[in-house]
Structures are given as C-alpha cells and as structure tokens.
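**Q** Sharing a structure below in structure tokens format, with a few things to ask.
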Amino acid sequence: MPPLPLPNPFVSALTVGVVGTLSKAFLNLACRTNVTGAEHLYKAWEDARKSEKKGILTVANHISVMDDPLMWGILPLRSFFSNRTSRWTLGARDIMFTNPIYSAFFANGKVIDTIRGGGRFQDAVDTAIERLDAGDWVRAALLGLAFG
C-alpha cells in the first residue's frame, strides 16, 4: 500500500524537524534525562526505515501534552526532517484541532485527528493502521485526558 499523502510534505518535514530539534535542545540543555532501553527503539526504527512493509507501533502513558514532542529529544537529529522516519501520533480533536491554525500545525506535525471517546472504530484508528501498513511509525498515548 503506498503511503498516504501528507497535508504538505515539505511543511510536515519542517514542522516535525523544528519541534524535534527544539525538544532535543531542551532535553540536552535544561534537563537531566535517563533513558533505559533506547537501543530497542533505535533498532526497530532502523529496521522499519530500511523496510517499506514493517511499521512500528509504540504505546506509552503520558501526563501532559508535552510528553510526545519532548520524547523526540532522545532520537537522532536525522530522524526529525524526514517524513519517512518521523512518527505519526493520535491526537485529541478537542485539544489539538480546535481551530484552523492549530489543525494545520498538528496535521503537518503528523498528528492524526482523533475523537476522544470515539472508540476503536473511527477514522483515526483506520488511518493509524494504514500508516503502520505503509511501514510508518505510529505512537499511541494511553490516557483519557491530559492538559499541559
């Protein structure tokens, strides 16, 4: 299955790249981080990057809307500016897609518009499955409600 088109591939790579670079800078300059088992994620990421049929699904709990972009700070810089290697994530419509500017930003940031409480039979889940089938990385966060 060919990859689904992005809203704008250049803007998407730029959006994810800038946010990822800022996250990496923040983690390296303002925080002390200890990551255990990152080599497993790196290996899966490299394997998926080399294969068009092998997607990655990562699942994590979170406590704020900043968890997802800050997590990128542990990844290599080369992963940020490529639509093939950066992640897709499910994002709550009632937080991220509340107006046209936010909607454009988050869509270009590879966030899938998800209806909280909409269950597993919704377009967002179908899109996430399509992304995995296309060999992409999809991240899902498990928490009913998070405000940053």
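The values are calculated or read from the model by the stated rules, or taken from the named source; none is laboratory data. Predicted model, so just to flag it, every value in this text is computed and none were measured. Backbone-built Cβ (ideal geometry, glycine too); neighbour counts: all protein chains shown. Each accessible area value is taken on the protein alone, full model and side chains, heavy atoms only, with ligands, DNA and RNA left out. Shrake-Rupley method; radii C 1.70, N 1.55, O 1.52, S 1.80 Å.
**Q** For the chain, set up a GNM with springs between Cα atoms under 10 Å and report which of 35, 138, 16 has the largest fluctuation.
**A** Per the Cα network of the chain with a 10 Å cutoff, 35 tops the list.
**Q** Still on this structure, please answer the following. Would you mind getting the accessible area per residue of the chain, heavy atoms of the protein chains only, 1.4 Å probe, in Å²? Could you put the intermediate results ahead of the total?
**A** On the way: 8790 Å² over 148 residues.
With all protein chains present, the chain gives 59 Å² per residue.
**Q** Using the Karplus curve 6.51 cos²θ - 1.76 cosθ + 1.60 with θ = phi - 60°, what ³J(HN,Hα) values do you get for each residue of the stretch 116-133, in whole Hz, with x for Gly and Pro?
**A** With the stated coefficients, the stretch 116-133 comes to 4, x, x, x, 7, 9, 9, 4, 4, 5, 4, 5, 4, 5, 4, 5, 4, 4 Hz.
**Q** Taking Cα pairs under 8 Å and at least six residues apart, what relative contact order does the stretch 46-148 come out at, in percent?
**A** Numbers: 144 pairs, mean separation 50.4, N = 103.
Averaging sequence separation for qualifying contacts and normalising by length gives 49 percent for the stretch 46-148.
**Q** Over the C-alpha atoms of the stretch 18-57, what are the Rg and the largest Cα-to-Cα span, Dmax, in Å?
**A** 13.2, 38
**Q** Multiply the residue separation of residue 121 and residue 94 by 0.36 nm, subtract the distance between their alpha-carbon atoms, and state the gained length in nm to one decimal. The partial results should precede the final answer.
**A** Details: separation 27, 0.36 × 27 = 9.72 nm, distance 1.80 nm.
Gain in length upon complete extension: 7.9 nm.
**Q** Report the Cα centroid-to-centroid distance between the stretch 31-68 and the stretch 71-89 in angstrom, as an integer.
**A** 9 Å
**Q** Let me ask something else. In debye, nearest 20: dipole of the chain around its Cα centre with unit charges on the Cβ of K, R (+) and D, E (-)? Mind dumping the intermediate values first?
**A** Details: 16 positive and 13 negative charges, 70 e Å.
Dipole magnitude for the chain comes out near 340 debye.
**Q** With contacts defined as alpha carbon pairs under 8 Å and 6 or more residues apart, what's the relative contact order of the stretch 62-115 in percent? It would help to have the intermediate numbers written out before the result.
**A** Values: 33 pairs, mean separation 17.6, N = 54.
Worked out over the stretch 62-115, it gives 33 percent.
**Q** Please give the calculated 222 nm ellipticity per residue for the chain, where each DSSP H segment of at least 4 residues contributes -39500 (n - 2.57) and the sum is spread over every residue; nearest 500 deg cm²/dmol?
**A** Working: 6 runs with 64 residues, N = 148.
For the chain, the value works out to -13000 deg cm²/dmol.
**Q** Rounded, prolate or oblate: which one fits the stretch 89-143, using the alpha carbon gyration tensor with axes a ≥ b ≥ c (rounded when a/c is under 1.5, else prolate when a/b beats b/c, else oblate)?
**A** oblate
**Q** Determine by what factor the alpha-carbon radius of gyration of the chain differs from 2.2 N^0.38 Å, reporting the quotient.
**A** Working: Rg = 14.7 Å, N = 148, 2.2 N^0.38 = 14.7 Å.
Rounded to two decimals, the normalised Rg is 1.00.
**Q** Ignoring ligands, DNA and RNA, please state the percent of accessible area on the chain from carbon and sulfur, probe 1.4 Å. Could you put the intermediate results ahead of the total?
**A** On the way: 5650 of 8790 Å².
Of the solvent-accessible surface of the chain, carbon and sulfur hold 64 percent.
**Q** So, taking all protein chains as they sit and a 1.4 Å probe, how much accessible area belongs to residue 36, in Å² rounded to tens?
**A** Roughly 130 Å² of residue 36 is accessible to a 1.4 Å probe.
**Q** For 53, 24, 43, 110, give the ranking by accessible area with the largest first, probe 1.4 Å.
**A** Numbers: 53 180, 24 45, 43 120, 110 0 Å².
Descending order: 53, 43, 24, 110.
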